[in-house]
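Written out below as structure tokens is the structure these notes cover.
The values are calculated or read from the model by the stated rules, or taken from the named source; none is laboratory data. Note that this is a predicted model, so its numbers are computed, not measured. Neighbour counts are summed over all protein chains in view; Cβ atoms, including those assigned to glycine, are modelled from backbone coordinates with ideal geometry. The area values use the complete protein model at the heavy-atom level, side chains included, leaving out ligands, DNA and RNA. Shrake-Rupley method; radii C 1.70, N 1.55, O 1.52, S 1.80 Å.
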Amino acid sequence: MNIYQFTVGAFLFNLLKADPEWLHQQTMRSFSWLSHTDRTTTKWVHTTLQKSLCLQDSRLEQNLFGLQFPNPVGLAAGFDKDGVAAKIWSSLGFGFAELGTVTFIPQPGNPPPRLFRLPLDQAALNRMGFNNSGAAAMAERLAPEKGQFSIPIGVNLGKSKVTPLEAAAEDYLNSFRLLKELGDYFVVNVSSPNTPGLRSLQDASMLSSILEVLQTENNSHKPIFVKIAPDLEWEAIADIIRLAKTYQLAGIIATNTTIRRDGLKTQVIEKTGKPPQEEAGGISGAPVRDRSTEVIRFIWQQTQGQIPIIGVGGIFTPEDAWAKITAGASLIQVYTGWIYEGPMMVRRILTGLLAKLEERGLNSISEAVGLDFITGDRE
């Protein structure tokens with residue numbers, strides 16, 4: 001157990017039993033304030049954070065789909081839903097950050113309580129429902145900051161809840177039109193379990209209609225990804241791979257949260273008095289770790305490594321990160337692990353990745369991508 005878990009984490013999670021969503025809101029208020037780097041005070045804080053949390057090494061750098069990544073560890077979508085803290089993420093050690101999920105129509109999301117910690121499982125259960133202030137508000141916020149980010153900034157796009165499934169393509173397109181000049185890459189999120197019917201958009205015919213209109217509009221040639229669920233059958237994933245090739249997507253993000261509940265140690269969620277099996281929402285963190293790595297490995301095998309993969313799901317340690325990279329992920333993202341492990345986690349992972357490279361005599365992290373299929377290594 002690291003010092004964050006023993007002190008701050010234990011105090012907030014166990015002694016105070018603070019509501020997870022309230023904690024998140026307070027954190028985002030602080031990060032939003034710190035994102036205003038024109039203030040003398042916040043400049044000093046940024047410098048202090050960078051000295052403590054950032055690790056720069058040329059072996060961790062990659063140039064992918066026309067973007068320069070200082071390291072492979074990114075912040076997953078869902079943390080900074082409205083892009084209020086876009087400037088802070090580089091100072092916390094991240095090599096890139098994904099904002100959103102944002103929808104065209106502002107929406108409050110599902111009624112609370114809608115976010116729960118499952119400490120026994122190193123997991124979280126959420127049914128937030130894409131709560132956000134809308135694409136127009138994000139565009140207004142990001143426009144003055146255009147060109148000021150030192151790391152790539154992605155934007156995760158979702159479907160507005162009130163938009164019928166048959167009009168989903170237009171809904172995604174409307175958001176993309178507002179934001180296409182402000183994000184470095186974009187993600188079509190069709191895999192959240194918390195918007196009714198959304199996962200049906202992973203069906204090949206539905207997804208192709210969305211990708212068609214986005215790529216037609218994409219005159220700036222921004223990299224576009226699709227984010228998939230860990231619960232898809234292999235045949236459905238193969239269909240999405242074919243679509244990724246057809247529409248020349250930049251890559252695939254694997255994976256979102258899972259709706260599976262098997263193997264959980266948590267018997268009852270204290271806030272509701274019900275077992276996780278009776279609660280709606282997606283599970284993130286350690287329970288999805290192995291499945292997301294399996295999906296990454298499958299995509300790599302099916303594409304011979306020709307489609308970049310961003311791996312996400314259950315990353316807590318350098319070993320977790322290394323497993324996803326050697327399975328085929330060029331980049332990885334964290335969220336739940338960062339909550340449990342604390343802000344030093346990114347630096348610990350990067351330090352661990354450098355040690356792995358040295359152990360194997362590799363000169364860059366890009367040489368480790370898909371290494372499982374070269375060496376047969378499965379550690």
Among the residues of region 94-117, is there at least one that is surrounded by fewer than 19 Cβ atoms within 10 Å (Cβ to Cβ) and among the hydroxyl-bearing types (Ser, Thr, Tyr)?
-> no
Any chance region 297-317 includes a residue that's of a type in the set (Ser, Thr, Tyr), modelled with pLDDT of 95 or more and closer than 23 Å to Val155 by Cβ?
-> no
Those helices (runs of 4 or more DSSP H) lying entirely in region 288-379 with at least 1 residues open to solvent by less than 50 Å² (accessible area, probe 1.4 Å) and closer than 23 Å to Ser52 by Cα | 318-327, 336-341, 345-360
Residue list for region 33-49, filter: within 17 Å of Ala97 (Cβ to Cβ) and open to solvent by less than 30 Å² (accessible area, probe 1.4 Å) = Leu34, Ser35, His46
Selection from region 135-166 of residues surrounded by 14 or more Cβ atoms within 10 Å (Cβ to Cβ), of a type in the set (A, V, I, L, M, F, W, C) and outside any helix (DSSP H, G or I) yields Phe149, Ile151, Ile153, Val155, Leu157
Here are Leu182, Leu173: which of them is farther than 27 Å from Gly281 by Cβ, of a type in the set (A, V, I, L, M, F, W, C) and touching a Leu at 6+ places or on another chain (Cβ under 6 Å)?
-> Leu182
Would you mention how many residues in region 247-286 are within 16 Å of the chain's Cα centre (by Cα), within 13 Å of Leu118 (Cα to Cα) and of a type outside the set (A, V, I, L, M, F, W, C)?
-> 3
Residue pairs qualifying under the 7 Å Cβ cut-off, at least six apart or on distinct chains, with the first in region 196-213 being within 15 Å of Lys245 (Cα to Cα) and open to solvent by less than 10 Å² (accessible area, probe 1.4 Å) and the second being in a helix (DSSP H, G or I) and not aromatic (Phe, Trp, Tyr), are Leu207/Leu201; Leu207/Ile240; Leu207/Leu243; Ile210/Ala168; Ile210/Ala169; Ile210/Leu201; Leu211/Leu243
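In region 214-257, which residues are of a type in the set (S, T, N, Q) and either surrounded by fewer than 20 Cβ atoms within 10 Å (Cβ to Cβ) or free of Cβ contacts under 8 Å to residues at least 40 places away in the same chain (or both)?
Gln215, Thr216, Asn218, Asn219, Ser220, Thr246, Gln248
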In region 50-68, residue nearest to Lys222 (Cα to Cα) [restricted to those that are open to solvent by 40 Å² or more (accessible area, probe 1.4 Å) and either hydrophobic (A, V, I, L, M, F, W, C) or touching a Ser or Thr at 6+ places or on another chain (Cβ under 6 Å) (or both)] = Phe65
Search result, residues across region 174-195 that are in contact with a helix residue (DSSP H, G or I) (Cβ under 8 Å, 6 or more places away or on another chain) and open to solvent by 20 Å² or more (accessible area, probe 1.4 Å) | Asn174, Arg177, Leu178, Lys180, Leu182, Pro193
For residues that are open to solvent by 20 Å² or more (accessible area, probe 1.4 Å) and assigned to a strand (DSSP E or B), tally how many sit in region 125-134.
-> 1
Filter result for Glu279 (loosely packed, with under 15 Cβ neighbours inside 10 Å and either farther than 23 Å from Gln68 by Cβ or in contact with a Leu (Cβ under 6 Å, 6 or more places away or on another chain) (or both)) | no
